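A short write-up of the structure that comes next.
Bear in mind that the values in this text are calculations on the coordinates, not laboratory data. Just so we're clear, the structure is a prediction, and the values are computed from it rather than from any experiment. Methodologically, a virtual Cβ is constructed for each residue, glycine included, from the backbone with ideal geometry; neighbour enumeration extends over all protein chains shown.
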Amino acid sequence: SSSGLHHDFHDNLYVLLRGRKRFKLFPPTLSHELYPRGKISKIYSNGRIVYGKGSRVAADGSDAVEVSLWRRRRAAEGKLAEAQKALAAGEAGAEDYVEEAERELDDLLDQALEGGGWDAGDEFETFEEEEEGSEQEAPDSFSQIDLALSPDTLRHKFPKFRPEAAIECEVRSGQSLYLPAGWWHEVTSYSEPDSNQHIALNYWVHPPDRLEVESQHRPYSSDYWPILWSERHAMLIKHRDEAGQQENVADFMHKGAADVSIRYKGVDGLQREPGNDRAYVVVDVEADLRSEWTWNTKQMFVYVTVDFVTTRHPRNSVVMYSRIIQSKEEAAMVLHDLRQQYPYAVTERGYDFRGAQFNVTLSWNSMPHVGVLRTASRSAGPWNLPKDYVALQHGRVGSS
């Protein structure tokens, strides 16, 4: 398989475990000859390429607005900590000081959420968008050049392109290739001769902007990335130690054994209203999600949906319950006679709901302190709604 000609925004260390990779490489200095899909606004000396109105992006890949919010947040957290110490010491006016510090921190959090935040996502979002084999529209960092075209076609369509400028190399099992940010590359991957396996591991690092040899122990001119990573590492160790567990690969590859039971009890009503049908489904849900909770779990978002198909709409899902769980103990749930209250019913935009088939699904998102958000679900059914309209039962269905 081929990755297509593109560059990355991070320094990348390829470690090949199985198979082999063949690289065609072009340095960042040739970027304008490689017909990128985006409009380049700047190329830093470390190879970091910026597109469009990207003047906020520094050579190390950090965003100026996010860094500013991060610094203000750290200052506000320090101010709040001092205010809380004053309050604990019984100092006069400390309560007002605490309220002011909390308000300032809340304002910063709101700004971060509205603008994408200093840490609302992962700094490797760009990598996810450009992941090899992506079926999405190619981003700015991909070239318009298809290296599979014939030489004559390439010369005609891309007159500035010089294929002879390519550096070619092959990486085999057990070998590594360090590729700095901004280096254009097309990667062709091959499996082992005696198997269909191809396995590679990538280490991604924000590009250092201090390139002198003597700066190897302090590769960034800003303290943003080093402090951010130190904070994350401290948080990871803290929560691991609080849970009394040791850090190992199994924690990150965790697979729980959730026990979920969903029972359909009937409907509180199935009504025809102007423009749509409404159903009031009643279910019992019992779930033990404690096995999903690890030392790295910050909280879980749990929700129940009614999922159905009609002739007019092939896929429908309506939330009938949601909750944020903040402790392992709360992850054992018993929800008897779970129902939606009028007017928050399961609604079909039309009149095809009588006798319709549906499932009920319990889903949960496990939010980590550090790492990847995990999602899982369990469904039950199918069941069928009544074949005729049913008047509102006012909570009588399922009541004992």
Want the number for S377 to T311: 0.36 nm per residue separation, take away the alpha-carbon distance, what's left?
-> 21.2 nm
Which residues' amide hydrogens lie under 5 Å from the amide hydrogen of S41, considering only partners 5 or more residues apart or on another chain, with H built in the peptide plane?
-> V50, Y51, G52
Here the range 64-76 yields Karplus 3J(HN,Hα) values (6.51, -1.76, 1.60; θ = phi - 60°; whole Hz; Gly and Pro given as x) of 4, 5, 5, 5, 4, 4, 4, 5, 5, 5, 4, 5, 5
Could you give P(r) for the range 268-323, binned at 10 Å from zero, as whole percent values over all Cα-Cα pairs?
-> 15, 39, 26, 14, 5, 0
Amide H neighbours of Y321 at under 5 Å, excluding residues fewer than 5 places away on the same chain, with H built from the backbone geometry, are V304
Packing-based order for 87-95, 365-373, 196-204, using average beta carbon neighbours within 10 Å, highest first | 365-373, 196-204, 87-95
For the range 208-216, 3J(HN,Hα) per residue [Karplus equation, 6.51 cos²θ - 1.76 cosθ + 1.60, θ = phi - 60°, Hz, x = Gly/Pro] = x, 10, 10, 9, 6, 4, 5, 9, 4
Net charge near D337, counting Lys/Arg +1 and Asp/Glu -1 over other residues with Cβ under 9 Å of its Cβ?
-> +1
Could you give me the ³J(HN,Hα) list for the range 173-182, computed from phi with Karplus coefficients 6.51, -1.76, 1.60 and θ = phi - 60°, whole Hz, x at Gly and Pro?
-> 3, x, 9, 9, 9, 9, 10, x, 4, x
Could you check how many percent of all C-alpha pairs in the range 259-384 are farther apart than 26 Å?
-> 28 percent
If you build the Cα gyration tensor of the range 142-240 and take the root of 5 times each eigenvalue, what three semi-axes come out, in whole angstrom, biggest first?
-> 36, 23, 13
